[in-house]
Structure formats: structure tokens, C-alpha cells
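Below is one structure, written out as C-alpha cells, with a few remarks after it.
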Amino acid sequence: MLGPRVEAYERMRIWHETTSPTNALVFDAAEVGESNLGYIVENRLLQAALLDEFTDSGGHLESAEFEELEVGADAVTVDTSAGTLSARLVIGADGAKSAVRQSVGLTADISDFNETAIVAPVATERSHEKTAWQRFMRNGTLAFLPLADGTSSIVWSADNALATDLAAMSPTEFETALNRASDLALGSTRLVSERIAFPLKRVGAHNYVTQRCALIGDAAHVVHPLAGQGVNLGLLDAATLAQLILDARVEREDPGALRVLRKYERWRKSEVAFMSTAIEAFDRFLAHGSGPLSRLAQRGLGWVNRSQEIKRLFVNRALGVAGELPRAAR
Ligand SMILES: Cc1cc2nc3c(=O)[nH]c(=O)nc-3n(C[C@H](O)[C@H](O)[C@H](O)COP(=O)(O)OP(=O)(O)OC[C@H]3O[C@@H](n4cnc5c(N)ncnc54)[C@H](O)[C@@H]3O)c2cc1C
């Protein structure tokens, strides 16, 4: 049974400020033969479940700060605040500012979206109907993610100037701005607790691997949060790398060998590039811009709404079906 901190969502409603919520593009799980489109899971809950699974299957966990590493011919030596470790492979899963990435000299493109995401839990007058609601505006994107207790979590990715104003507002002023931005799709809204602001950056490592080291998750790539794909991409990195390490073991290959790690990089880098380009196109043409391409993209929402085939393609991507590791790709 799903606990109160996990909610399956069955629908997505996406619309642009030039139209109304009733004309939204709707992805409905039932229409594509699925019971839901995904789950909204509290991050701490997901982390705790993964850590439990890791320790239950014999993994040993020690809290320590990473300091430095040195790659040798047969092993890599890692200095941490709890002592020195030696392994044949190190996986850098230490987020956007990855010290592991810097330590092994893997370079990355890092740039600003010039946007800040404001996140907060809100109560809404009308039920969220197990639906993720998203409105594209000319100065950002506002999403309502449904939570199991009937409240929603908002992620409002706003241009920095607007975000600064939103962060400075009193709770009542913010609620008024939120009601205007949501077009009252869920009725009037009330803040349940404080707002938190996250300045948004994009990160793309030029290479995900080097001898005896692989990067996964935000250490390798940070994408815009508007499609809620960051964790999915990281989980698929982990699953792909785990599969290739198991394969290497069967073949009696060294799991830290560049030959093995390059397979991981080839597969995941192209998947991430595809996803990040698609997300940025949504941000550029739907959440910003007013030229002919933006108008075309706005009309595109209606076209997609009328095609079950295109909807199925989008849903498969969002569910990660297209991200499975085909044996032929290795
Ligand atoms: C506003 C916002 C909303 C988002 N919404 C969604 C969403 O709805 N769905 C979704 O899928 N994604 C979302 N994301 C993206 C998601 O949060 C990230 O993609 C995800 O957290 C990346 O996970 P990670 O484990 O790779 O990195 P992180 O979550 O950054 O974890 C890195 C870990 O490494 C540890 N670490 C760092 N340095 C060291 C060191 N030197 N020594 C030891 N440990 C270290 C840190 O303590 C941390 O525990 C959102 C992001 C933002 C900013």
C-alpha cells in the first residue's frame, strides 16, 4: 500500500496563458492503457527506501565527506573524512557541484537559466483530482504536483526578476499572485508552509567517465525542473551502469576499465541530450518568447491533444520506457 507521502498521478493538464485551463492538453493514464502516469514521492522517502534496500542487500554505508581521489593503474584511492578507501571503480553521485567530477578533471558546461524555482506546499479550494497541472506563461512555468493528503506542491520556475518579487511578498500577496498565475484552475490557493527558492542552473559534463570513474545523476547533468525528470534521469544512469558492471563481471572484465565505462557514457549521454533539448525547447518556446515559433508551439499543444499516437510517445518518454537499455545498443 502506498503511504501518505506517495501519490500516484493519473493525469497531466498542460496549458498556455493564452488559453484557459479548460482547453488544456490532457495526458490521461487510462487513455494510454496505464493505471497512472507516475508517482509524486517525497525526496526523503525515496532516499530512505533506496538506502534500506542497499543495506538489506549487504551494502555497507558510512557517513563521510569526500576529499580527494587518485586514479592508479589497477585501483583508485579515495580520501574521505572517515579514512582512505581503495576500489576498482568510483561512482560520482555527489550532485551538481560534484567534487568527484572536479577531482578527476572531468569538465562541464555550467550556465544559468536566469530563472529561480519557488517551491511550496499549498492547499487548494478544489480537488487536484490526482492530476499534475502545469501552466506555461511568458515569464515562467507554474506546476501543481498532487500530494496524497489532498494538498499540492507548487514549483514556480520564474524569471529572476519576477522570482525576486515573489520571494519578497507577504504570504497573502504571494497567494494573490499565485491565484492569478494559476488562473484559478484549482480554485483559490493557500500556502501551507514557507516558500523555498532554488536558482536554476544547467550542467552538462563533457564526458561522464574517465578511467576508473563514472558520474551519475546531477554530477553528470542538471536539466530544467519543468518536466520533473531529474531523478528519473539519475535512476536510469544508475540502472544502466549497474547492468554494465554486472555484464563486465560475467565477462571477467575490469568494471573500472574505460572500455566498459564508455558503453555507459555512449548510451546515457545521448538519452540525456535528447531529454534536455526537449525540455529546453518547452522552456524557450512555451514558457518564454512570443515569436512565430512560440505561437507554433502553443498551437502544437492542441495538435498533440488530438493525437493518441503522439501522446503515447510523450507518455512513454515520461515513464522512462524509451530509456530502457536495449541489449543491441551495447
Ligand atoms: C526546484 C527543483 C524542483 C525539482 N523537481 C523535481 C521533480 O519534481 N522530479 C524530479 O525527478 N526531479 C526534480 N528536480 C531535480 C532533482 O532534485 C535532482 O535531479 C536530483 O536531486 C539529483 O539527485 P542526485 O542524487 O544526482 O544529486 P543530489 O540530490 O544533489 O545529491 C547529491 C548528494 O551528494 C552529497 N555530497 C555532495 N558533495 C559531497 C562530498 N564532498 N562528500 C560527500 N557527499 C557529498 C550531498 O550531500 C547529497 O546527498 C528538481 C530540482 C529543483 C531545483
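The values are calculated or read from the model by the stated rules, or taken from the named source; none is laboratory data. Quick caveat, the model's predicted, so the values are computed rather than measured. Positions of Cβ are backbone-derived with ideal geometry, glycine not excepted, and every protein chain shown enters the neighbour counts. Quick note on the areas: whole protein, heavy atoms, side chains included, nothing else; ligands and nucleic acids left out. Shrake-Rupley method; radii C 1.70, N 1.55, O 1.52, S 1.80 Å.
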* Asked: What are the residue pairs meeting all of these: first residue in the stretch 202-228, first residue under 18 Å from Ala238 (Cβ atoms) and among the hydroxyl-bearing types (Ser, Thr, Tyr), second residue part of a strand (DSSP E or B) and within 12 Å of the ligand (Cβ to nearest atom), Cβ atoms under 8 Å, and 6 or more apart or on different chains?
  -> Tyr208/Leu215
* For Ala117: the one exception among (1) closer than 26 Å to Ser294 by Cα; (2) within 12 Å of the ligand (Cβ to nearest atom); (3) in contact with a Pro (Cβ under 8 Å, 6 or more places away or on another chain); (4) open to solvent by 20 Å² or more (accessible area, probe 1.4 Å) -> (4)
* Could you give every pair whose Cβ atoms fall below 7 Å, whose first residue belongs to the stretch 237-248 and is touching a residue at least 40 places away in the same chain (Cβ under 8 Å), and whose second residue is among the hydroxyl-bearing types (Ser, Thr, Tyr) and crowded, with 16+ Cβ neighbours inside 10 Å, counting only separations of at least 6 or pairs across chains? -> Thr240/Tyr264; Leu241/Tyr264; Leu244/Tyr264
* Within the bounds of the stretch 34-43, is there any residue that is more than 24 Å from Ile154 (Cα to Cα) and surrounded by 10 or more Cβ atoms within 10 Å (Cβ to Cβ)? -> yes
* **Subset of the stretch 86-97 that is touching a Leu at 6+ places or on another chain (Cβ under 9 Å) and more than 10 Å from the ligand (Cβ to nearest atom) - its residue that is farthest from Arg202 (Cα to Cα)** => Leu89
* Asked: Tell me, which strands (runs of 3 or more DSSP E) lie completely within the stretch 146-205 with 1 or more residues that are under 23 Å from the mean Cα position of the chain (by Cα)?
  -> 152-159, 196-205
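To keep it simple, each residue is scored yes or no on (1) outside any loop (DSSP other than H, G, I, E, B); (2) surrounded by fewer than 21 Cβ atoms within 10 Å (Cβ to Cβ); (3) away from the ligand (no atom under 15 Å from the Cβ).
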position: Leu226; (1), (2), (3): yes, no, no
position: Asp247; (1), (2), (3): yes, yes, yes
position: Arg252; (1), (2), (3): no, yes, yes
position: Arg259; (1), (2), (3): yes, yes, yes
position: Arg266; (1), (2), (3): yes, yes, yes
position: Lys269; (1), (2), (3): yes, yes, yes
position: Val272; (1), (2), (3): yes, no, no
position: Ala281; (1), (2), (3): yes, yes, yes
* Examine the stretch 62-69 for a residue that is near the ligand (Cβ under 9 Å from one of its atoms), assigned to a strand (DSSP E or B), modelled with pLDDT of 95 or more and surrounded by 12 or more Cβ atoms within 10 Å (Cβ to Cβ), and state whether such a residue exists. => yes
* Of the residues that make up the stretch 65-79, is at least one out of contact with any Pro (no Cβ under 9 Å at 6 or more places or on another chain) and closer than 24 Å to Val231 by Cα? -> yes
* Pick from the stretch 209-224 the residues that are near the ligand (Cβ under 7 Å from one of its atoms) and in contact with a strand residue (DSSP E or B) (Cβ under 8 Å, 6 or more places away or on another chain): which of them is most open to solvent (accessible area, probe 1.4 Å)? -> Asp218
* Asked: Is it true that Thr107 is modelled with pLDDT of 95 or more and under 30 Å from Asp254 (Cα atoms)?
  -> yes
* Within the stretch 26-52, tally of residues that are in a strand (DSSP E or B) and among the small types (Gly, Ala, Ser) -> 1
* Structure fact -> In the set Asp109, Asp94, the lone residue that is exposed (fewer than 13 other Cβ atoms within 10 Å of the Cβ), on the phi < 0 side of the Ramachandran plot and among the acidic types (Asp, Glu) is Asp109
* Total residues in the stretch 283-310, condition in a helix (DSSP H, G or I) and touching a Lys or Arg at 6+ places or on another chain (Cβ under 7 Å) -> 1
